[in-house]
Amino acid sequence: MKLLFVGAGMSGAVAGRQLAEAGHEVHIIDRRDHVGGNCHTERDGDTGVMVHVYGPHIFHTDDEGVWDYVNRFATFMPYKNRVKTTSQGAVYSLPVNLHTINQFYGKTMRPAEARAFLEEQADTSITDPQTFEDQALRFVGPDLYAAFFKGYTEKQWGCSPTDLPASILKRLPVRFNYDDNYFFHRFQGMPEHGYTALVEQMLDHPGITVQLGTDYTPGMADAYDHVFYAGPLDGYFDYKLGRLGYRTLDFEKFTEDGDYQGCAVMNYGDRDVPYTRITEHKHFSPWESHEGSVCYREFSRAAEPDDIPYYPIRMVDEKALLADYVALAEQAQGVTFVGRLGTYRYLDMDVTIREALDVADAFLAAQTEGRAMPAFAVSPL
C-alpha cells in the first residue's frame, strides 16, 4: 500500500520504518527543513557542541523493547540527568531528596527522620488533593513548595498552581535518600551522535522517501491508501472549532568559554527570575570535550498560532474542545492520528516510540483482518 506520514519526528520515523519493513511504500513529509521534530540536534558551528535545538531531550525508559529498538539505529552512551535549581540564593539538587531537605533546613536527618519531619510540615488536613498546590502542601509543606515548585510552576504554566491539577506534581517524587538521578528508569542514555542521526538511520530504508519543507494539504490524501498524521489534531481540521491551548518555549542562546554553570540543567525557582532554566548543552554529551559552551535561557509562554507547540495545556476548556475534535476525527476516513500533537498529550520519547510501534502493528493486523484502521490507536481523552 502507499502510505503518507505527516511529520518526520519519532512517531513518523518509527511507524514508517516498521511499515516499510513490512513491504509498504512509505512517503514522509515535514514542514521543517530537518527530520527529528523537536528532538532535532545539530552541531554548533563555532564550538562543535551538539545542541538540542528545541530544548533538551534525555532518553529514559523501563520498556526493554523500546530500548532494544533505538539501539538498532544508534549507539547510546551512558547519561544520568542530574538537575540543579537555584532558589532563594542557594543551589540545591532536584528532585527533592535527602540532601535537598537537609541542606534546605540546615539539618542532618536520616531517611526516617526526614520522612517524619516532612510529615510535620505537611498540611495533613488535605486528604484528597485536587490541585497542584494542594498536592505540594500535603506532601512537602509550604516551605519546600515555595522554594522549589510555586514560582517555577507559575512561570512554566502561566497560571496559579491552584488552577492546575494535582496529577502534574505526581510525576515529581520526593526521595528520602541521596539519589539525585532525575529519572528512575532502568535504561537511560543519549545517542552518541545526536537524535537527528538516530532518526536519519530509522528513515534509511529503500521503502521510505522523505520530503522536507512541505506542508500537508487535504488533497494529498487522495494519492495514498492511508494517512498517519502527527501534526496538530486541530490543525488537520483547519482549526474550525477553535485552537487547542499549548505552552511554547522561547530560547535565548548564548555562548561562553569554558564551563558556564557546571551542569546540564539549572532550574530557577524564584518567580522574579523571568526564565525557568538554563541548559548547557555540552554537558548532555559528557563523552565529548569542548573548550567553548552553548547555553539556552528558557522562557515559557502561551503559544500563538505561528509558534511551535510544546506542552498541551489540557485544562477543562481544552479537554472539552479536544472531545469535539476527537469526535470529528473518528468520523474521518483513511487517517490515523499519532504522536504528541496528533493526540494532544504530553508524551516522553519512549512512550512515543512504543505507541508508534503499536500503531504499525495495529495497521498490519487491520489489513490482515480486513478491518478499517481507527482514527486513534490510543484515545486522547
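Going highest first, how would you order 219-226, 360-367 by mean Cβ packing within 10 Å?
360-367, 219-226
Please order F183, F132, F254 by the number of other Cβ within 10 Å, starting at the fewest.
So the residues, fewest neighbours to most, are F254, F183, F132.
Compute the convex hull volume of the Cα atoms of the range 185-249, divide it by the residue count, and report the result per residue in Å³ as a whole number.
207 Å³
What trypsin sites (Lys or Arg not before Pro) in the range 187-272 are in a loop by DSSP, with at most 11 other Cβ atoms within 10 Å of the Cβ?
Qualifying residues, ordered by number: K240.
How large is the Kirkwood hydrodynamic radius of the range 83-171, counting all unique pairs of alpha carbons, in Å?
13.5 Å is the Kirkwood radius here.
Relative to the first principal axis of the alpha-carbon coordinates of the chain, what is the inclination of helix 111-121, with its axis defined by its Cα atoms, in degrees from 0 to 90 and to the nearest 10?
90 degrees
Please work out the C-alpha center-to-center distance from the range 181-216 to the range 320-378 and express it in whole Å.
Here the two parts' Cα centres lie 20 Å apart.
Neighbour counts of other C-beta atoms within 10 Å: give me D215, D123 arranged from fewest to most.
D215, D123
Roughly how many Å is it from the Cα centre of the range 9-42 to that of the range 52-129, as a whole number?
32 Å
Give the calculated FRET efficiency between A22 and S167 to the nearest 0.05, with a Förster radius of 41 Å applied to their Cβ-Cβ distance.
Computed FRET efficiency for A22 and S167: 0.65.
Which is the longest stretch in the chain that no exposed loop site breaks, taking sites as GluC sites (Glu not before Pro) with a DSSP loop state and at most 15 other Cβ atoms within 10 Å?
That would be 1-191.
Which FRET efficiency value, to the nearest 0.05, is calculated for A302 and E369 with the Förster distance at 35 angstrom and r the Cβ-Cβ distance?
So, using R0 = 35 Å, E works out to roughly 0.20.
Give, in whole angstrom and from largest to smallest, the semi-axes √(5λ) of the equivalent ellipsoid of the range 141-228, with λ running over the eigenvalues of the Cα gyration tensor.
Gyration-tensor ellipsoid for the range 141-228: 42, 23, 12 Å.
When the chain is treated as a GNM, springs tying every alpha-carbon pair under 10 Å, which of P218, P232, P165 comes out with the largest mean-square fluctuation?
Among P218, P232, P165, the largest GNM mean-square fluctuation belongs to P218.
Would you calculate a helix-derived [θ] at 222 nm for the chain, using -39,500 (n - 2.57) for each DSSP H run of n ≥ 4 and dividing by the full residue count, to the nearest 500?
-8500 deg cm²/dmol
Chymotrypsin sites (Phe, Trp or Tyr not before Pro) within the range 262-310: which are DSSP loop residues with at most 11 other Cβ atoms inside 10 Å?
Answer by residue number: W287.
Counting other Cβ atoms within 10 Å, keep those with at most 15, restrict to DSSP loop, and tell me which trypsin sites (Lys or Arg not before Pro) in the range 107-212 are left.
K107, R186
In square nanometres, what is the average projected area of the Cα convex hull of the chain?
20.0 nm²
So how tilted is helix 316-331 from the main axis of the chain? Cα-based, degrees 0 to 90, rounded to 10.
It is inclined by approximately 20 degrees.
Whole number please: convex hull volume per residue, Cα atoms of the range 65-112, in Å³.
Cα convex hull per residue, to the nearest whole number: 123 Å³.
For the range 83-171, what is the charge dipole size about the Cα centre, in debye to the nearest 20, if Lys and Arg each add +1 at the Cβ and Asp and Glu each add -1 at the Cβ?
Rounded to the nearest 20 debye, it is 420 debye.
When a footprinting reagent is the concern and you count Cβ atoms within 10 Å, what order do V316, V140 take, fewest first?
V316, V140
Read the figures in this text as sums done on the coordinates, not as results from a lab. Bear in mind the structure is a predicted one, so any value in this text is a computation, not a measurement. Note that we place each Cβ from the backbone using ideal geometry, even for glycine, and neighbour counts take in every protein chain shown.
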